[in-house]
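See below for the structure under consideration.
The values are calculated or read from the model by the stated rules, or taken from the named source; none is laboratory data. Small disclaimer: the values here were computed from a predicted structure and weren't measured. So basically every Cβ, Gly included, is an ideal-geometry build from the backbone, and we count neighbours across all protein chains shown. Remember, those area values only see protein heavy atoms, side chains included, never the ligands or the DNA or RNA. Shrake-Rupley method; radii C 1.70, N 1.55, O 1.52, S 1.80 Å.
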Amino acid sequence: MSSKQDTIKHYLTFKEKLVVAYICIERKILLSLRFKISALFSWIGMFVSLATFFFLGKLIQPGVTVYISQYGSGAYFPYVLLGMAFGTFSGLALSLYLNVISSTYWSNWLEMIFSSPIGFRTYMGITMVWVYLTSALTIIIYFLVGIFIFGAELTLPSTWWLAIIVLALAILAISGFGLISASMFLLADVKGGVEPISWAVATGAGILSGVVFPPEIFLDTAPSLYYISRLLPHTYALDAFRRIMLNDEGLSPIVTSEILKLIAFIVVFLPLGTYMFKKGLEKAERTGKLARWG
Amino acid sequence: MIKIKNLVKKYPVVNPNKSLKQRVKETLKLEKKSLLTALDDVSFDVKKGEIFGVLGPNGAGKTTLLKVLAGFLLPERGTVSVNGFDIIRERHEVRTSCNFLRAGGWVIFDYKFKISTMLKYWGVFLGLPLSEAEERINYTLEKVGLLDKKDDYVENLSYGMRQKLNLARCLMTHRPVYLMDEPTTNIDPYSADFIRRFIQTELRREGATTVLATHNLWEAEQVCDRVAILMGGKILTIGTPDDIIRKYALDTAVIQIKPITDDIRKKIKALGFVGNVVPESDLVMVYGKDLPKNIHKILEVCYESKTKITYLDIKKPSLNEVFIQLMRDKNEQ
Ligand SMILES: Nc1ncnc2c1ncn2[C@@H]1O[C@H](COP(=O)(O)OP(=O)(O)OP(=O)(O)O)[C@@H](O)[C@H]1O
Ligand SMILES: [Mg+2]
């Protein structure tokens, strides 16, 4: 036993981190396998929502064409399909940090993560890679069902890589809000119920940013809502994402301008979110609230 | 190994009746927050390989002290280094130098995982290679006496078993510092004895430095090289259990003297090492320092007074008595 004493590791090599990542992912898979029924229902739910939008699209297509004619043929179903796919990622970017901090706190894993040589940042990174990759997989299935069962007019654009970049930028921009929301758990002791910041952003983005209908709709009836939609990164990202996916646009002037706006959001909110999150952790370390009790 | 100097830790006091105005003022730092001092100017060192006990009543600050040492709690003042690392600047290194056993059934667990699965995850998470983590599962479970529960689910364990599982987690990795918060609370006497012996033998052999918070003073006396008694965040006394006992408590001699007279009692009391002489029915209780060594002087007094001693018993005080006496004195002040 005593010979092993000097093997104490404060940091792990990249290879060792991969082993930890493997273990973390195995754990997540095992945990999710405990909830097989819930997985089944989420697949059913996906199918149901696709069907809903498919038939809704048939109903509203004539009226909606004027508003979304800038995207491809102006068909509603591919439009909303892309909106839903984007919504999955933007929703994750908004909720993941809070989710990780609250689930590790309530299951008492948080202190464990801190006493591990991988540290909090790597743990967060592993979780993010896993969650985004599995979501991407879900989205691909989503698209396949949309295209082959519901006949959505969607083809892979030549500039698909730009779509991925836009998605990545959107995730970074919205992560700023996600981090601010997570810091509320530690800074303002929002340990249960609804976290107001992510709620406001999610609700605002859900209605205003163009996930299921374009914000231009507000221009006639409630222009103020249109201007509020301009305050959300989702609006710009969705526009760029759809232009690339449906019009095969590359770095056109509009797409470029949307990307620049996303970068502006990143520059402002990502450092702010990171700072607040760090402050939150520091507060927890000061007040002894890294763990639930003891 | 552990150096603590002028450590002060304060917690904000949660006052639900605080007005919003007051809260805003406090947040803007216009007004000082009311604080509770959990550790008040604590200084001491723990040597490498030492088993150091932290004693004190509920709320004395024992857990707070351990959390500071583990790098989970930032202090307001003072310098603390653990395993040569500063707890503020090198927090990560401090955290990875310590195996921290939390008090009372405080288990990290995932819904419906087997004990062996949990241990594997903890092991890898704490930096062990996968194969070594798998190898150590049986070893640690055997050490804490949970081997037959290997395939049970964590949520089905009893309170004491959860505490044992906690201990097993601590034993998965080799780290130079063990911080143990009440390791034997809720553990049956047999297993508790086993754990104490484990700390005394295995951890000592590893050369590990151990800080042990406990309410069991007998345990502290048995296991610890040195102890500190904390109260209200202050150190009342620090030293080896023997030194503390000698410093604060007197030995008791229960003597039956026939015939007993006031004169003899006075003569005994006049001896330099005797603190007090109290008659109790047909016995006298003599409180004094180092009685085993000094008892012959009492015998001489009796001999000179031509009385007989028919019964004699000398009792050494325990840390328990010292502790209770110290608390009583403090509370009376
Ligand atoms: N996170 C916290 N926030 C505010 N006050 C706290 C916090 N943790 C502990 N305290 C207070 O600090 C004091 C010391 O608590 P601590 O847990 O260190 O005591 P202890 O000696 O471990 O007690 P016990 O023997 O009951 O475990 C207590 O008055 C407690 O109420
Ligand atoms: Mg305690």
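Ignore the peptide's own chain and count Cβ atoms of other chains within 10 Å of each Cβ in B:206-215; give me the average, rounded.
Details: counts 5, 3, 3, 0, 0, 0, 0, 0, 0, 0.
Across B:206-215, the average partner-chain Cβ count within 10 Å equals 1.
If the elastic network links every pair of Cα atoms under 10 Å, which of B:Gln256, B:Gln200, B:Gln22 fluctuates the most in the Gaussian network model of chain B? Per the Cα network of chain B with a 10 Å cutoff, B:Gln22 tops the list. Around B:His92, under 12 Å between beta carbons, what's the net of Lys plus Arg minus Asp minus Glu among the other residues? Around B:His92, the charge tally is +2.
Taking every DSSP beta bridge that has both ends in segment B:64-214, the antiparallel portion is near 25%. Going by Cα centres, segment A:218-286 and segment B:175-230 are how many Å apart? Each part's Cα centre sits 55 Å from the other's. Taking every residue in A:117-124 and counting other chain Cβ atoms within 10 Å of its Cβ, the average works out to 2.
Subtracting the Cα-Cα distance from 0.36 nm times the residue separation, let me have the gained length for B:Lys234 to B:Asp148 in nm, one decimal. Don't skip to the answer; put the middle values down first.
Details: separation 86, 0.36 × 86 = 30.96 nm, distance 4.35 nm.
Extra length available between B:Lys234 and B:Asp148 comes to 26.6 nm.
One Cα centroid belongs to segment A:58-105, the other to segment B:11-60; the line between them spans 48 Å. If you plug the beta carbon distance of B:Ala270 and B:Met327 into 1/(1 + (r/R0)^6) with R0 = 35 Å, you get a FRET efficiency near 0.65. Across the protein assembly as shown, the volume of the C-alpha convex hull divided among the residues equals 201 Å³ per residue. Quick test of the membrane-span-like rule: which DSSP H helices of chain A reach at least 15 Å along their long axis (C-alpha atoms) with mean Kyte hydropathy at least 0.0? Helices passing the filter in chain A: A:14-33, A:36-68, A:76-106, A:119-148, A:160-187, A:196-208, A:253-287. Pick out which of A:Lys283, A:Lys261, A:Lys36 has the largest mean-square fluctuation in a Gaussian network model of chain A, springs linking Cα atoms closer than 10 Å. It is A:Lys36. All Cα-Cα distances of segment A:14-287, cut into 5 Å bins from zero to the largest, leave 1, 5, 11, 15, 17, 16, 13, 10, 6, 3, 1, 0 percent in each bin in turn.
For the protein assembly as shown, what proportion of DSSP beta bridges, expressed in % and rounded to the nearest 5, is antiparallel? Walk me through the intermediate numbers first.
Numbers: 39 of 56 bridges.
Approximately 70 percent, going by the DSSP bridge assignments.
To the nearest hundred square angstrom, how large is the accessible surface buried between B and A, total for both chains, probe 1.4 angstrom?
Values: alone 17660 and 15970 Å², together 29360 Å².
The summed interface area works out to 4300 Å².
Each residue of segment B:150-156 is assigned a 3J(HN,Hα), and the resulting list reads 3, 9, 7, 8, 4, 5, 9 Hz, derived from the Karplus form 6.51 cos²θ - 1.76 cosθ + 1.60 (θ = phi - 60°), x at Gly and Pro. Distances between placed amide hydrogens fall under 5 Å for B:Arg226 paired with B:Ile51, B:Gly53, all partners being 5 or more residues away or on another chain. Counting only other chain Cβ atoms within 10 Å of each residue's Cβ, the peptide B:90-97 averages 5.
Within segment B:250-316, what percent of beta bridges assigned by DSSP are antiparallel, to the nearest 5?
Values: 18 of 18 bridges.
Of those bridges, close to 100 percent are antiparallel.
For segment B:232-333, the fraction of C-alpha pairs farther apart than 20 angstrom is 43 percent.
Working from Cα pairs under 8 Å separated by at least six residues, relative contact order for segment B:250-316 is 51 percent. For chain A, modelled as a Gaussian network with Cα springs under 10 Å, which listed residue fluctuates most, A:Ser257, A:Ser175, A:Ser38? Looking only at A:Ser257, A:Ser175, A:Ser38, the largest GNM fluctuation is found for A:Ser38. Extending 7 Å from the Cα toward the beta-carbon at both B:Arg204 and A:Ser252 defines two label points whose distance is 8.0 nm. Counting 0.36 nm for each residue step from B:Glu132 to B:Asn6 and taking away their Cα separation leaves a gain of 41.3 nm. Near the amide H of B:Gly78, within less than 5 Å, lie the amide hydrogens of B:Val8, all on another chain or at least 5 residues away, with H placed in the peptide plane.
Sort segment B:62-132 into rounded, prolate or oblate with this rule: let a ≥ b ≥ c be the square roots of the eigenvalues of the Cα gyration tensor; rounded if a/c is under 1.5, and if a/c is not under 1.5, prolate when a/b is larger than b/c, oblate otherwise. Oblate, because a/c is 1.5 or more while a/b does not exceed b/c. One chain, two ends: A:Arg230 and A:Ala51. Fully extended at 0.36 nm per residue, the span grows by 61.5 nm beyond their Cα-Cα distance.
Calculated FRET efficiency, B:Asp313 to B:Asp263, Cβ-Cβ distance, R0 = 30 Å: about 0.80 to the nearest 0.05.
With r as the distance between the Cβ atoms of A:Ile149 and A:Leu59 and R0 = 25 Å, compute the FRET efficiency 1/(1 + (r/R0)^6) and round to 0.05.
Values: r = 19 Å, r/R0 = 0.76.
Efficiency, from the Cβ-Cβ distance: 0.85.
With all protein chains present, how much of the accessible area of chain A (probe radius 1.4 Å) comes from carbon and sulfur, to the nearest whole percent? The nonpolar share, carbon plus sulfur, comes to 73 percent.
Across chain B, C-alpha contacts under 8 Å between residues 6 or more apart give a mean separation that, scaled by the residue count, equals a relative contact order of 18 percent. Hey, what angle do you get for helix B:189-198 against the long axis of chain B, alpha-carbon based, 0 to 90 degrees rounded to 10? Taking Cα atoms only, the helix is inclined about 80 degrees. In this label model, B:Arg23 and A:Ile164 are separated by 4.6 nm, measuring between points 7 Å along each Cα→Cβ vector. Please label the shape of segment A:135-210 as rounded, prolate or oblate, based on the square roots a ≥ b ≥ c of the eigenvalues of the alpha-carbon gyration tensor (a/c under 1.5 means rounded; beyond that, a/b larger than b/c means prolate, else oblate). It comes out prolate by the Cα gyration axes. Evaluating kT/(6 pi eta Rh) at 10 °C and 1.306 mPa s, with the Kirkwood radius of segment B:52-172 over Cα pairs in the Stokes-Einstein relation, gives 101 µm² s⁻¹.
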